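Student: I am attaching a structure below and will ask some questions about it afterwards.
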Amino acid sequence: MLRVTAGVAFINMQREKDSPTGNPRLLKDDACAPAGDTLACFHCGRASGPDGVIRMALLGEERSFCCHGCAAAAGLIAGAGLGDFYRLGRGAVPAAAGADQYQYWRAYDHPDMQREYVSTSGGDEDEIALRVEGMTCPACAWLIEKYLSCLHGVREVLVNYTRRLARIRYDRRAVTPSRLLTRLHELGYRGEPALPGWERRRMERERRALLRRLGVAAAFGMQVMMVAWGFYFSGGTPEREQVRLMQGLNLLLTLPVVLYSAQAFYRPAWRSLALGALSMDVNVSLAIVLAYAGSAWAVARGAGDTYFDSVVMFVTLLLVARYFDFSARRRAALHLEHLQERRPALATRLTPAGDEWRTETLAASSLRGGDRILVPPGEILPVDGTVCEGASRVDEALLTGESLPVAKRTGDPVYAGTVNREGALHVNVTGLGATTVLAHIIRAAERAHSDRPRMTLLADRWASWFALAVLVAALAAGLFWSQLPGGRAFPVVLSVLAVSCPCALSLATPAAYACAIDACLRRGLLVARGRALEILARATHFIFDKTGTLSGGALQVVELRQLSPLSRQECLRLAAGLETGSEHPVARAILRATGDDRRELAADLINHPGLGVEGTIAGRRWFIGSLELIRRHVRIIPWQLTGEIESGRPDMAVYLADAERVHGLFVLREAPRAGAAGAVGALRRQGLRTVMLSGDRRPAAAAMGAELGLDEVHAGCSPEGKLRFLDRLRAGRRAVTVMVGDGVNDAPVLAAADVSIAMAAGSALAQSHADVVLMNDHLEALAFLRALAVRTRRIIRQNLSWAVAYNLLALPAAVAGWVPPWLAALGMSCSSMLVVGNALRLLKTPDAEAR
C-alpha cells in the first residue's frame, strides 16, 4: 500500500552527499542554532539561521529544514505517500526541546544510568530499549524504524507497535541514548528508557479504557434491547405515537455507544484512510455510522426501519472480541514484565572489616562487578554472580522451567531473578542490569514477539484485499437491491458490511503465535525468533551434536578390571590418591566413582600431558594413565587384555600400575545426557528422522547413537563437514533441518540450519546464532517444542479455514438478503471471539502430545 521508492532514493542521495561511507552525517545540536534571521524547520519546527538552512522542493512547494536529518525524514515521509502526515499535524507541530529537556535526556548518557537499560552485545555495540509514546498505528512504527536507521552508527531498529517498544542496536562511539531520544522528539514522538513497571502500567491503562468503552456499550445496549424486545414480543401492533417515542428513546440511548464506545474503531479507520490503506476498522466504522445515520433519518421522517439494536449489539460484541485479543496479548506481555520486576531494587553488600564482614544496604543499581553481596534465605537474587561462600538450593523455575530447586555451592553460578530457598549465600557479582541472563531472556522474547512470520504477513495482506472486496460487494448489492421494490437496499448493505469484516482473518495468526511463544517461555524454552515455530512444524530432520548436547560431556567409570590380587577398593583408593586435585575429565570420573572413601594423597606428583600422572604413595611409585604411559614405566603388561579396548571399542582405557605390573584397568565411557534417549524416542514417534554429527571417533559416536536409538550417526565431522552434510541433505531430500548444538564449532551449522536450537550451558557464540535456547538443558523439551509448533500450525489453519469458510458462506447470504443486520453483527463478532478463543488453547498444550 505504501509507496517508498522516492523516499528511499532521497535517503540514498543524502547518504552519498553527506559522507563517503553512504551514511548521513550526524550534526551537533548547535548546528541548528539560530543565526540572524530565522526560519522554522518544516519537519521539526526548530528555528535555523539562513546560512545553515537546507531547502528542498517537497509536496509542491520549496521547504526549509534545519539539518539533513530533518530533510531526509521529510523526504522519506513524502516519498512514501504520507504527505498528510504534515497536514494532519503530526510532523510539523513538535516543538523544539528546551535546554532543560536536553539536560534531562543527557542524564541517560551517564554510565550508572545506562547499566539498567543498555546492554552491551560485544565490541562497541550497545542495545537500548525505549518505550515510545504517541504511536497510533503500525505506520508510526515503520516511520520510526526508517528514520532512526538512517542515523550514522545505528545498526538495527526494531519497533514493536503492540508493546509501544523500540529496541535499537547502535555503535556507542557515534550514538548516545540522548541523541536517539532527541531524534524521536524531532519526529514527533516521546521516548523514555523502558524500565521495569512501565509495560504493566501501559497495559493497565489500555485495559481500563477498553473496559470503560465496553461498559458503556453494554449498559446502554441493554436498555436499547429492552425497548426493541418490547416491539418484537408485544403481540400486537403498537400505536404510531408509541413507536415514535420508543424509536426516539433508542436514538438517544444509542448515541453514547456510537460517539464514545465506537471510537475504538473510528480512530484506526481514519488513520488507515489517511495513509491510503484499508483495514477491517474501515468496514466496521462504515457499518456503524451508516446504520445509526439511516436509523436517525428514519426516526426524523417518521417512516422506515431502525437498526439501533443491531448497532449496540455490533459494537458491544466487537469490543468483547477485542478484549479477548487484548487479554491474550496482555498475558504474554505481562509475563515478560513479571520477569523484569523479579530483580529487587535493594541489595546487601559485604565489605571486609577485620575478621568479619560489614553489611551495607544499597540500591542494586549501585553495585559493581566484583562486589560481594549477601543473599539470605527466601530472597531474590538482584544480580548474576558466583557463589563464593555458603551452600543452598536455588529456585530457577522462572528462568529454566525447572520445577525443583537446584543445589548451589562454592563456585556455582547463580542468576538474577532466582530465589534462594535454604541457606545464606555470599555471591561475587559478575552481571548487572542489562547484562544479566534475565535481561538477555527478556530481550530475546521481545524480539520474538516483534518478529512477523510469513503466515502473519500473508494474513494481513489477504485481510486488506478482502476489506476492499467487501466494500465493492456492499456497493454492488446496494445498487442491485435499489432497483427492486421493497426498500431492502439499505439493510442489505449494512448486513454485507457487518457480516464479512475480516477481523477473524487478521487475528488468526498473531494471537496463536503470541500464545505459543508465551507457552514456550513458561516451559524454559526461549524462542528468539518467531519464525522458528512456523518452520519447526514442517521439520523433517533433527540433527544433534554429540559432546555437550546428547552427552553432558562428562565421563563415567563403567567397569573396573582387577588384574592383580589388589582389591577393588584398594584400586579405587590408589587411583583417587593420584587424581585428587586434578581437573581433568578422567580424574573427575575416577573421583566420582571413589565417592567419599578415605584416600591417601600421592606425593611427588608428576603430570605427563596427554598421558597421565605418576606419584608416590606409601613409599611406592604408582602410575595412572594411558597405555603409552604404562609402556614407558611398567615392566609387565598383560597384552591380551588391552588389545580389544585399544583397537576399536568406544571405551576409554585408563591403567593403574606400579613399576612391576598393571594392577587395574578402568573402563570409561562418555555418558548420555539425562533424558536424551527419551527425547530422541519422542521425536522419532512424531515422524522425525534423528541424526548425530560428531567430531569424535567412530566407535564412540556409534556406541552412543545405538544407545540413544538415533537413525543416523556421522563421526569425525569437522565444522565444514557438518555444513556439507547439511547442504547434501537439503539438496537431495528437500529436508527441513533443525540443528541442536552447544559449542563454538557448532555456530556455522547452527546459522545454516533452517531452525537452530542451542543449549543454555553452551557457548555465547552458539546461542547468538540460535532461534531457540533450551534454558534448562532438558532435551525432553524438544519434543514439546515440536508438538507445540505442529499444534500452533493446526490452530492457525483452523482459524484461517474458519474465517475463509465463514466469509464464503456469509457474504453471498448477506448479498442475497437472507441475513438481517442484527444476525450479521452477531455472526461476525462471534467469529472473531472464536478465533481468539481457539488460539488461547495453546496456553494449555497437553504434554501427551509431546510423548
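Student: With every protein chain present, what accessible area does Arg538 have (1.4 Å probe, heavy atoms only), rounded to the nearest 10 Å²?
Tutor: The accessible area of Arg538 comes to roughly 110 Å².
Student: Given a Förster radius of 30 Å and the C-beta distance between Arg538 and Arg697 as r, what FRET efficiency does 1/(1 + (r/R0)^6) yield to the nearest 0.05?
Tutor: 0.30
Student: What FRET efficiency, computed as 1/(1 + (r/R0)^6) with R0 = 25 Å and r the Cβ-Cβ distance, is obtained for Val243 and Ala219, rounded to the nearest 0.05?
Tutor: My answer for the efficiency is 0.55.
Student: Shifting gears a bit: Is any residue of the range 542-556 close enough, with backbone N under 11 Å, to a label point placed 7 angstrom from the Cα of Arg592 along the Cα-Cβ axis, and if so, which?
Tutor: 552-556
Student: Another question about this same structure. For q values of 0.12, 0.19, 0.20 Å⁻¹, compute log₁₀ I(q)/I(0) with the Debye formula on a Cα-only model of the range 368-428, without solvent.
Tutor: -0.22, -0.56, -0.62
Student: Largest first, what is the accessible-area ranking of Tyr655, Tyr266 with a 1.4 Å probe?
Tutor: Tyr266, Tyr655
Student: Report the FRET efficiency, 1/(1 + (r/R0)^6), for Val289 and Ala174, where r is their Cβ-Cβ distance and R0 is 60 Å, rounded to 0.05.
Tutor: Between Val289 and Ala174 the formula returns 0.75.
Student: If DNA, RNA and ligands are ignored and the probe is 1.4 Å, what is the ranking of His584, His541 by accessible area, most exposed first?
Tutor: Sorted by accessible area, descending: His584, His541.
Student: Length gain on complete extension for the stretch Asp305 to Val227, per 0.36 nm per residue less the alpha carbon to alpha carbon distance?
Tutor: Additional length available on full extension: 26.6 nm.
Student: Test of understanding: what is the full-extension gain from Arg421 to Ala618, defined as 0.36 nm times their sequence separation minus their Cα-Cα distance?
Tutor: Full extension from Arg421 to Ala618 adds 66.4 nm.
Student: Also: Counting only protein chains, not ligands or nucleic acids, how are Ser495, Ser149 ordered by accessible area (probe 1.4 Å), most first?
Tutor: Largest accessible area first, the residues go Ser149, Ser495.
Student: When the chain is fully extended, how far beyond the present Cα-Cα distance does Arg106 get from Asp604, taking 0.36 nm per residue of separation?
Tutor: Length gained between Arg106 and Asp604: 173.0 nm.
Student: Beta carbons within 10 angstrom, averaged per residue: use that to sort the peptides 701-713, 181-193, highest first.
Tutor: Result, highest mean Cβ count within 10 Å first: 181-193, 701-713.
The values are calculated or read from the model by the stated rules, or taken from the named source; none is laboratory data. All figures in this text were calculated on a predicted structure; none of them were measured in a lab. With ideal geometry, Cβ positions are generated from the backbone for all residues, glycine too; neighbour counts draw on all protein chains shown. Accessible surface areas use protein heavy atoms only, side chains included; no ligands, DNA or RNA. Shrake-Rupley method; radii C 1.70, N 1.55, O 1.52, S 1.80 Å.
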